[in-house]
Amino acid sequence: MKFSLSWLKDHLETEASLETICETLNKIGLEVESVEDPGKLLAPFRTARIISAIKHPNADKLRLCQVYAGKGFENVQVVCGAPNAREGLIGVFAPIGSYIPGSDITLKAGKIRGEESNGMMCSIRELKLGDEHDGIIELPNDTPIGMPYAEYINLQDPIIEIAITPNRGDALSIRNIARDLAAAGIGQLKLWKTAKVAGQFASTIQINNQYPGSCQWILGRTIRNVKNGPSPEWLQNKLRAVGLRPISVLVDITNYFTYDLGRPLHVFDVKKLTGSVLTICPGRGETFKALDGKDYKVTSQDCVFVDQSGVQSIGGIMGGENSSVDENTTEIFLECALFDSNHIALSGRQHGLISDARQRFERGIDQAFLPDAIESATQMILDLCGGEASEVVSAGSEPQWQRDATLHYKRLESFGGKSVPKDQVKTILSSLGFVIKNETPESLTVAVPSWRNDIAMPLYMAQFSGLKEDIAEKVKKSVPEIEAEADLIEEVLRIIGLDHVPEVSLPPLKAVPEAALDTQQKRQLLARRVLASRNMLETVGFSFVDHEIAARMGEVPETLRLLNPISSDMDQLRPTPLVSLLQAALKNISRGWNDVALFEVGPAFNNNKENLIAAGIRYGDMPRQLDGKAHQVTLWDVKADVLNLLNSVDVPVASLQLTSDTPIHYHPGRSGRLSLGPKNILAYFGELHPSLVKQFGFDQAPMIFEVFLDNLIEPKKGQKKKHLVLSPFQPVKRDFAFVVKSNIAVETLLKAAQQAERQLLTNVELFDIYEGDKVPEGCKSVAIQITLQPQERSLKDEEIEAISQKIIQEVCQKTGGKLR
Amino acid sequence: MDNDLEILKQETLSALDKAQDLREWDAVRVAALGKSAPLTQKLKELGKLAPDERKERGAILNNLRQELTAAIETKKLILEEVALQKKLSAEAVDISLPVSIQNGLIHPLSRTIEEITAIFGAMGFTVAEGPNIDSDWYNFSALNISEYHPARADHDTFYLPSDPLNHQQRLLRTQTSTVQIRTLLKEEPPIRIIAPGRTYRADHDATHSPMFHQCEGMVVDKGITLGHLKGCLVDFLRAFFGIPHLPIRFRSSYFPFTEPSIEIDIGWNRKTGELGGKSDWLEILGSGMMHARVLANCGVDPKEWQAFAFGVGLERLTMLKYGIADLRAFFESDVRWLRHYGFSPLKPASMHEGL
């Protein structure tokens, strides 16, 4: 909402500075978005007379003018190309050094075709005040010379733009802004009144309201013998200042009321209407050309005004081109109606039609301000256009908007946090238009003004369907009273200023607060730290990706596809963060980063379930070592990532089951699945499937992993660690090499060794795998080292030998291999 | 002293002087003081002398022996030092050779969430979560945003096909306020929660991202007032930015789910981006006393309980605190950006270490 300071002062008697006014607007909830001072830009321009104008000696189309622009600019030579540049013309002069906003240049002294030019006579377009560029500006003969042009056109008026929150439809009226400011102590609200204009005849247009659900109340009257033309300067300037284009006096008057009083009006040209009845009804699919020149197909969601020839306007939103007023208009029908805000919202939204009228009706206008508005508007039309008015016709009636709200003074403190003297409360509410109806020592009951559609409004509730009925009823009953009171508290506090509410730190619930995170949440943090400490960079990718790319890595059901994506590469909720990571890796690779290690802890979307996944990708080489060797990432790197992560979040990694059942995006022979028991899958890791390597366009296979953080089991709580006995005896190490079939998993062998001896065996470690001509074809040699930890005494050689045999026997049995 | 003893002394000292290393030094030592050394022989022969002569000769020989021993030991220390120096210089390496530094890093957004959690955790809040895909009821209706409310249009919501089972309109949450509702339905007051998370709006330009992060907060208790709201958020903002006297401005505003509604600005310098001054104001937080309807929609009696709630954009907090200019870069996963703005995983945000 834009308004000029002078327009505000039409309603507000104040000496306050622009700065104070803006500060106060911010404080009371009318946030200032911008303040502009258009006079500033036009400061160098001044009115001037062309004393003489002769043809430029070297150019047919140029004139050599001597310009008088007041003191200091007595006889300035200007070369001018405008066809209307002539002796005696009064126009607008820009001296050397002026910035010309319309052409974005700064004037310099110079010669044009050999003749000096020390300034410029300007057109409207050069001043950026309009499109006219046929010639230089011509001002009336009585214009004072040497006057700042901004002052001459009254443009030194600052323009303030405020943001209007959806609840404050009333503040889309300059008068109501003035009222708020007056309540906040910035001056005095001026009196506004109107007199009834007696009807001279019966209205030639009647109203038939068949849609009272949308148009609750309407007044109208015919005014004939009007003369429509350009508005007087003062009105044009007012409208221009707030960004409205002056059209004709009748249209300008309706716009003036929209801004001045928040009261949209419409005028129909009676001569262009067919028949004598305007019917208000839902649209029936007719096509209608609105004032913006566009065709709209009206629907039953629109409340339209129809005459015998068709739709003439979409009520509360925009009038029609067909019945619009023009310079030949002599008879009009003035419409002043009250539309239902929800209907207007839907109607406007379906056509994407934004208008000043819609903006106001959608938020709700003053529900009582129809009779006075139509009288006042009639008077203004008669004053500016002449003519005589008919009697007022109407349909519907004033809605029952009256309602009360009660404020208990102590609630200002117990809810609002600030105690306010009773008198101040009463003054504030009264100056906002509330009428005191009842007072007790503890409370104040006020009538809500007709323009405040945000206070003590009828109850709209959307209670949770699963609430117990009695609870739902009980809590619902508490709402109206509490809500109305909160509304009034808000009014009082916003006018006083929320800065005056004392700050109170929250009282502690406990001396030592409980942990803010639960186990699951803590694990997310740990997962991040573990992966980052393994040299990976954390990323945050969009939850939505291209569905075609996502399909390479999992299900992409329609149920997880956005109905209104902003682009096709962000239309599918991703089945795994890997989709984002692979694309991110590719982008980085294309920027010249050959080695990429990225991870994300983020959501994945499957079958309408959201899972939290820690996913990662490694590509290229692992960090180079000092000896110059850099090894390409292998699946062992990501296996280590996964196991380190799981280990850090209390997963008993020794009891994990490892299988090769991995999803389609993994290389089937180079990937693994880790689970706790057969069903609870904790992670996948491995090489990206070769066909995806190709599809994505990687030069070599990235290594990837996914850890399902939601599947981690709760650790046992409060469990003390097992008692530790530190043996004083030297541990014994023995090495064994087994020849087994190549397809035997090393883990089978390691577990067999581990299980062979429960008491003394503390560690089994792989230290070599060999395949080649020294072992039979199709076999491999697996070398392990075992550690025996004697507990009560040193082991004798025979004992060590016995255990070794047990291990050899167990391994050979479980793997079908033999000692090498 | 006998001439031969003097010669012996001089020869030994001269040999000692010439010794270059411990091996040569040892040869001198053995030659001068060893079993077959002349001086040792002479000492052995003392017994053969008459007592008077023996005493006198003994003193001379012993003095000489002591003198030579001292010289030899001194020389040993010198040679050992030389040998050590030689070894040290032989062992010297080029310490300028580069080693790899562990440089995995945490994303700045994760860092901000940790910091926020640490601060609110100290004030007794716990972290609550909710789904990214939610229903129309949780995202709008329950929060007092009716079907016709202009806020619905303002939010540029991403929609998903309706739930095939209950036909509810599904959407990507436009605000973390959904978690207020879920928490109120699940927990009994008193409640103190924060809910950081992903949020979505169909808007994509230099200052808007279709996905961004918010942190919601809610305090429900008996006797909670707007004064607590102010105190809590002032405490938070000053702790988060580490500026004890950060200017903070409270402006009346409007949100459908709060009443009174408040927008909070912090003082900064628009030109330099520096926080703490009072030359300009920057909007940073939305908040308010929770609307009676929202509490009652969730079965909480607004006569019995009072509550405040707030929501804050996490990208903006992060950008302000760490001087990051571009919002879009947060989600572009550019290795150069991640390395520049990321945080060490070994320095988690905690109150006892300081933020």
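The values are calculated or read from the model by the stated rules, or taken from the named source; none is laboratory data. Everything numeric here is computed off the predicted structure, so don't read it as measured data. Here the Cβ is made from the backbone with ideal geometry for all residues, glycine too, and neighbour counts use every protein chain on show.
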query: Which of the residues that make up the stretch B:133-153 are more than 7 Å from chain A (Cβ to nearest Cβ) and in a helix (DSSP H, G or I)?
result: B:136, B:138, B:139, B:143, B:152
- prompt: Hey, any hits in the stretch A:363-386 for a residue that's under 29 Å from residue B:149 (Cα atoms), surrounded by 15 or more Cβ atoms within 10 Å (Cβ to Cβ), modelled with pLDDT under 95 and within 13 Å of chain B (Cβ to nearest Cβ)?
  reply: yes
- request: Name, by its number, the condition in (1) of a type outside the set (S, T, N, Q); (2) more than 27 Å from residue A:683 (Cα to Cα); (3) in contact with a strand residue (DSSP E or B) (Cβ under 9 Å, 6 or more places away or on another chain) that does not hold for residue A:710.
  value: (2)
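Anything in the stretch A:630-659 that is closer than 26 Å to residue A:763 by Cβ and in contact with a Gly (Cβ under 8 Å, 6 or more places away or on another chain)? List them, or say none.
Within the stretch A:630-659, the first condition is being closer than 26 Å to residue A:763 by Cβ, and the residues that meet it are A:631, A:634-659.
Across the stretch A:630-659, the qualifying residues are A:635, A:638, A:639, A:641, A:657, A:658, A:659.
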field: Some residue of the stretch A:545-555 being at pLDDT 95 or above and at the interface with another protein chain (Cβ under 9 Å from one of its Cβ atoms)
entry: no
- request: Starting from the stretch A:344-364, take each residue that is under 16 Å from residue A:283 (Cα atoms) and list its partners that are part of a helix (DSSP H, G or I) and not aliphatic (A, V, I, L, M), counting only C-beta distances under 7 angstrom and pairs at least six apart or across chains.
  value: A:344/A:358; A:344/A:361; A:344/A:362; A:345/A:362; A:345/B:150; A:348/A:358; A:348/A:362
message: Can you tell me which residue is nearest to the other protein chains (Cβ to nearest Cβ) among those in the stretch B:89-106 that are farther than 22 Å from residue B:338 by Cβ and not in a loop (DSSP other than H, G, I, E, B)?
response: B:91
Filter result for residue A:621 (under 23 Å from residue A:530 (Cβ atoms) and surrounded by fewer than 19 Cβ atoms within 10 Å (Cβ to Cβ)): yes
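Could you check the stretch A:396-412 and list, in sequence order, the residues that are in a strand (DSSP E or B), at pLDDT 95 or above and crowded, with 16+ Cβ neighbours inside 10 Å?
First, pick out the residues of the stretch A:396-412 that are in a strand (DSSP E or B): A:396, A:404-408.
Pick out the ones that are also at pLDDT 95 or above and you get A:404-408.
Residues satisfying the conditions are A:405, A:406, A:407, A:408.
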message: Suppose the filter is surrounded by 18 or more Cβ atoms within 10 Å (Cβ to Cβ), without any contact (Cβ under 8 Å) to a residue 24 or more places away in the chain, at the interface with chain B (Cβ under 8 Å from one of its Cβ atoms) and touching a Leu at 6+ places or on another chain (Cβ under 7 Å); does residue A:506 pass it?
response: no
statement: A careful count of residues in the stretch B:107-132 that are at the interface with another protein chain (Cβ under 7 Å from one of its Cβ atoms) and not in a helix (DSSP H, G or I) gives 8
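Kindly indicate the residue of the stretch B:160-189 that is of a type in the set (Asp, Glu) and more than 11 Å from every other protein chain (Cβ to nearest Cβ) and also surrounded by the most Cβ atoms within 10 Å (Cβ to Cβ) among those meeting that condition. Let's see the steps before the verdict.
Taking the stretch B:160-189 and keeping what is of a type in the set (Asp, Glu), we get B:163, B:187-188.
Keeping just the survivors that are more than 11 Å from every other protein chain (Cβ to nearest Cβ) gives B:187-188.
On the way: B:187: 13, B:188: 8.
Checking each candidate, the answer is B:187.
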query: When you scan the stretch B:213-230, how many residues do you find that are assigned to a strand (DSSP E or B) and at the interface with chain A (Cβ under 10 Å from one of its Cβ atoms)?
result: 3
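Being of a type in the set (A, V, I, L, M) and under 60 Å from the mean Cα position of the chain (by Cα) is the filter here; which residues of the stretch B:46-78 pass it? Before the answer, list the steps.
If we filter the stretch B:46-78 for residues that are of a type in the set (A, V, I, L, M), which is where we start, we get B:46, B:49-50, B:59-61, B:64, B:68, B:70-72, B:77-78.
Hits for the stretch B:46-78 are B:70, B:71, B:72, B:77, B:78.
Among B:135, B:177, which is the only one that is in contact (Cβ under 8 Å) with a residue 60 or more places away in the chain and either under 41 Å from the mean Cα position of the chain (by Cα) or not assigned by TED's automatic domain parsing to the domain that holds residue B:216 (or both)?
B:177
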- line: Residues of the stretch A:236-270 being at pLDDT below 95 and not small (Gly, Ala, Ser), in sequence order, are A:236, A:237, A:238, A:239, A:240, A:242, A:244, A:245, A:246, A:247
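Just to confirm my filter: which helices (runs of 4 or more DSSP H) fall fully inside the stretch B:1-45 and include at least 1 residues that are under 60 Å from the mean Cα position of the chain (by Cα), surrounded by 15 or more Cβ atoms within 10 Å (Cβ to Cβ) and free of Cβ contacts under 8 Å to residues at least 12 places away in the same chain? So that I can check it myself, show each step before the final result.
Working: elements: B:3-18, B:22-33, B:38-44.
Output list reads B:22-33.
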- request: Output the residues belonging to the stretch A:490-503 that are in contact (Cβ under 8 Å) with a residue 12 or more places away in the chain and farther than 13 Å from residue A:432 by Cβ.
  value: A:497, A:498, A:499, A:500, A:501, A:502
message: For the stretch A:499-506, check the following and say yes or no: at least one residue is touching a Gly at 6+ places or on another chain (Cβ under 9 Å), closer than 30 Å to residue B:247 by Cβ, charged (D, E, K, R) and assigned to a helix (DSSP H, G or I).
response: no
query: Hey, residue B:198 hits all of (1) surrounded by 23 or more Cβ atoms within 10 Å (Cβ to Cβ); (2) touching a residue at least 60 places away in the same chain (Cβ under 8 Å); (3) part of a strand (DSSP E or B) but one; which does it fall short on?
result: (1)
message: What's the total number of residues in the stretch B:201-210 that are farther than 30 Å from residue A:518 by Cβ and part of a loop (DSSP other than H, G, I, E, B)?
response: 5
message: Suppose we filter A:530, A:540 for residues that are within 10 Å of another protein chain (Cβ to nearest Cβ), at pLDDT 95 or above and in a loop (DSSP other than H, G, I, E, B); which single one remains?
response: A:540
message: Residues that are surrounded by 23 or more Cβ atoms within 10 Å (Cβ to Cβ) and touching a residue at least 40 places away in the same chain (Cβ under 8 Å), at least 3 per element: which strands (runs of 3 or more DSSP E) completely within the stretch A:117-215 meet that?
response: A:119-121
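Give me a count of the residues in the stretch A:105-116 that are of a type outside the set (S, T, N, Q) and either free of Cβ contacts under 8 Å to residues at least 12 places away in the same chain or crowded, with 20+ Cβ neighbours inside 10 Å (or both). Reasoning before the result, please.
To start, the set of residues in the stretch A:105-116 that are of a type outside the set (S, T, N, Q) comprises A:105, A:107-116.
Still in the list and also either free of Cβ contacts under 8 Å to residues at least 12 places away in the same chain or crowded, with 20+ Cβ neighbours inside 10 Å (or both): A:105, A:110-111.
The qualifying residues number 3.
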- prompt: Where in the stretch B:231-300 are the strands (runs of 3 or more DSSP E), entirely inside, with at least 3 residues that are more than 11 Å from chain A (Cβ to nearest Cβ)?
  reply: B:258-268, B:280-290
query: Consider residue A:180 against the criteria (1) within 14 Å of chain B (Cβ to nearest Cβ); (2) farther than 19 Å from residue A:17 by Cβ; (3) among the charged types (D, E, K, R); (4) in contact with a Leu (Cβ under 9 Å, 6 or more places away or on another chain): it satisfies all of them except one. Which criterion is unmet?
result: (2)
Count of residues meeting criterion [more than 8 Å from every other protein chain (Cβ to nearest Cβ), closer than 18 Å to residue A:634 by Cβ and in contact with a helix residue (DSSP H, G or I) (Cβ under 6 Å, 6 or more places away or on another chain)] in the stretch A:583-614: 1
